[in-house]
Structure formats: structure tokens, C-alpha cells
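Student: Sharing a structure below in C-alpha cells format, with a few things to ask.
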Amino acid sequence: MEYVWASLVISLLIGSQVLQVFGAPANWVGVGLVALWKWLYPASMDWQFVALLAGIALVGEITEFALQTWGAKKYGAGRAGNIGGIIGAIAGAIICAPFLLGFGALLGALGGAYLGCLIFEMPGKDFAQARHAALGAFWGKAFGMTFKMSLGAVIVVLGTPAIWP
């Protein structure tokens with residue numbers, strides 16, 4: 001019976017990464033599934049392993065925002081533009097989540113990073129400079145999301161053998 005439960009949890013672990021596309025906390029869901037397995041089957045792994053996976057998920061979150069900030073700054077955004085980009089990415093993901101069968105959250109986060117940075121940069125810069133800075137926020141967000149999704153794959157790859165009996 002343990003193999004049936006392990007197969008189910010591993011399937012959920014793999015499936016949880018689809019949540020990345022919808023802007024949901026997929027890596028944290030994956031860590032939660034591994035922690036649930038550890039709680040149900042204490043001998044399967046150490047809590048340090050679960051903490052390692054949580055650390056990987058935390059690195060993904062921090063890196064996502066850090067890369068967005070770095071990209072915007074590299075392209076000329078100031079503090080206000082970076083704050084606008086982060087606010088825009090969050091708002092865009094939430095507002096656009098119902099569209100395109102949930103894929104709108106991904107596009108909304110990217111577009112929101114761009115528009116947020118653009119709007120917050122415009123008072124101090126001309127349109128061309130603000131647009132250039134916003135492009136940096138867009139690309140930074142795109143690279144950050146890609147990196148976070150990659151770490152989600154690492155969580156799945158490390159978690160699967162720890163769960164399998």
C-alpha cells in the first residue's frame with residue numbers, strides 16, 4: 001500500500017509544478033508534499049532534508065525578485081521603478097490569472113513588471129528612458145521566473161527518490 005501512496009504523492013509533487021504557470025507557490029506546495037510524506041513516514045527522510053528543500057524554495061523566491069530588480073537597475077531603473085515593477089508583477093499576476101485558462105497570471109506578471117516600472121519611472125525620466133528601464137524589469141522577471149521554475153524541478157528530482165519506498 002505504501003507504493004500506492006508514494007505514487008500518488010510523487011504524482012502530486014510533479015503536478016504541483018504546473019502551478020508555476022499560474023503564478024501559484026508551486027515550490028512551496030512541493031515542499032509541503034515532501035513534509036507531509038515525512039510526517040506520515042518518519043523513517044523515509046530527515047527533517048534536515050525537508051529544510052533543505054524549503055531553503056531551495058526560499059532561494060527561488062528571493063532570486064526571482066532579485067533578478068527583476070537587477071534587470072531593471074541594469075537598464076536604468078531607480079528605486080521607484082523597481083518598487084513599481086515588483087508591485088506591477090504581483091498585481092498583474094493576480095488580475096490576469098482568470099484569463100487564458102490561468103496562463104494569464106504568467107503573462108500578467110511579466111506585463112505588470114514592465115508597466116509598473118514604466119509608470120513609476122515616468123515622472124523622473126523621459127519616455128524612452130522609462131521604457132528602457134521597464135524592459136529591464138520585464139527581462140529580469142522573465143529570468144527570475146525561469147530560475148524559480150528550475151529550482152522547482154530540483155525539488156521534484158530530489159524529493160522523488162526520498163519519497164519512493
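Student: Those residues that are among the small types (Gly, Ala, Ser), at pLDDT below 95 and within 11 Å of residue 60 (Cβ to Cβ), I need them from the stretch 132-165; list them, please.
Tutor: 144
Student: Picking from 58, 101, 107, which residue would you name as being closer than 19 Å to residue 22 by Cα, hydrophobic (A, V, I, L, M, F, W, C) and at pLDDT 95 or above? Step through it out loud before you land on a result.
Tutor: On the way: 101 fails: at pLDDT 95 or above; 107 fails: at pLDDT 95 or above.
Of the residues listed, the single one that is closer than 19 Å to residue 22 by Cα, hydrophobic (A, V, I, L, M, F, W, C) and at pLDDT 95 or above is 58.
Student: So which helices (runs of 4 or more DSSP H) stay within the stretch 1-95 end to end and still have 2 or more residues that are free of Cβ contacts under 8 Å to residues at least 12 places away in the same chain and either more than 16 Å from residue 162 (Cβ to Cβ) or of a type in the set (Phe, Trp, Tyr) (or both)?
Tutor: Numbers: elements: 2-16, 26-40, 47-74.
Output list reads 2-16, 47-74.
Student: Also, quick follow-up: Considering only residues that are more than 16 Å from the chain's Cα centre (by Cα) and surrounded by fewer than 22 Cβ atoms within 10 Å (Cβ to Cβ), which ones fall in the stretch 77-95?
Tutor: In the first step, residues of the stretch 77-95 are kept if they are more than 16 Å from the chain's Cα centre (by Cα); the result is 77-84, 95.
Those that are more than 16 Å from the chain's Cα centre (by Cα) and surrounded by fewer than 22 Cβ atoms within 10 Å (Cβ to Cβ): 78, 79, 80, 83, 95.
Student: Still on this structure: Within the stretch 20-76, restricting attention to residues that are basic (Lys, Arg) and closer than 18 Å to residue 147 by Cβ, which residue is surrounded by the most Cβ atoms within 10 Å (Cβ to Cβ)? Break it down stepwise before answering.
Tutor: Going through the stretch 20-76, the residues basic (Lys, Arg) turn out to be 38, 73-74.
Keeping just the survivors that are closer than 18 Å to residue 147 by Cβ gives 73-74.
Working: 73: 17, 74: 13.
Residue satisfying both the conditions and the ranking: 73.
Student: From (1) more than 18 Å from the chain's Cα centre (by Cα); (2) of a type in the set (A, V, I, L, M); (3) surrounded by 19 or more Cβ atoms within 10 Å (Cβ to Cβ); (4) part of a helix (DSSP H, G or I), pick out the condition that doesn't hold for residue 101.
Tutor: Of (1) more than 18 Å from the chain's Cα centre (by Cα); (2) of a type in the set (A, V, I, L, M); (3) surrounded by 19 or more Cβ atoms within 10 Å (Cβ to Cβ); (4) part of a helix (DSSP H, G or I), only one is false for residue 101: (3).
The values are calculated or read from the model by the stated rules, or taken from the named source; none is laboratory data. Bear in mind that the values here come from a model prediction, so they are computed numbers and not experimental data. In this analysis, Cβ positions are derived from the backbone assuming ideal geometry, glycine residues included, and neighbour counts consider all displayed protein chains.
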